[in-house]
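To start, the structure itself, in structure tokens.
The values are calculated or read from the model by the stated rules, or taken from the named source; none is laboratory data. Remember, predicted model here, so these are calculated numbers, not experimental data. Don't worry about glycine lacking a Cβ; one is built from the backbone with ideal geometry, like all the others, and counts go over all protein chains shown. Only protein heavy atoms, including side chains, enter the accessible area calculation; ligands, DNA and RNA are left aside. Shrake-Rupley method; radii C 1.70, N 1.55, O 1.52, S 1.80 Å.
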Amino acid sequence: VSSGRYPDGAPGFQMLSSRTAGTSNSAPYQSDIVINEIMYSPISGSDDDEYVELYNRGTGSVDMSYWRFTDGIDFMMPQGR
């Protein structure tokens, strides 16, 4: 995935939707799967009530088998999810 400043000259870098060598940068890349909600400190105080909600904003299904969080959460999606 290409990365660059969007809009051109912005202070930070982000993933871009396509390579644009020698021209203006393309729009930012948007993944179909996004983190929609996080519950990390439930009022119950129980770790069992913590969750992460993922949302598919695309039109097709996505096989998330073996996807995993890499920072702050220790969880890997099981096969067939």
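Projecting each Cα onto the charge dipole of the chain (Lys/Arg +1, Asp/Glu -1 at the beta carbon, about the Cα centre), which of 28, 66, 51 comes out farthest on the positive side? Towards the positive end, the residue furthest out is 28.
Across every direction, the projection of the convex hull enclosing the Cα atoms of the chain has a mean area of 7.8 nm².
Just the number, please: percent antiparallel of the DSSP beta bridges in the chain, rounded to the nearest 5.
Counting only bridges with both partners in the chain, antiparallel ones make up about 100 percent.
Rolling a 1.4 angstrom probe over the protein heavy atoms with all chains in place gives the chain an accessible area of 82 Å² per residue. For the stretch 17-64, GluC sites (Glu not before Pro) are listed when DSSP marks them as loop and at most 14 other Cβ atoms sit within 10 Å of their Cβ; the list is 50. The fraction of accessible area contributed by carbon and sulfur in the chain is 49 percent, rounded to a whole number (1.4 Å probe; ligands and nucleic acids excluded).
At a Förster radius of 35 Å, what calculated FRET efficiency corresponds to the Cβ-Cβ distance of residue 75 and residue 10, to the nearest 0.05? Using R0 = 35 Å, I get an efficiency of 0.60.
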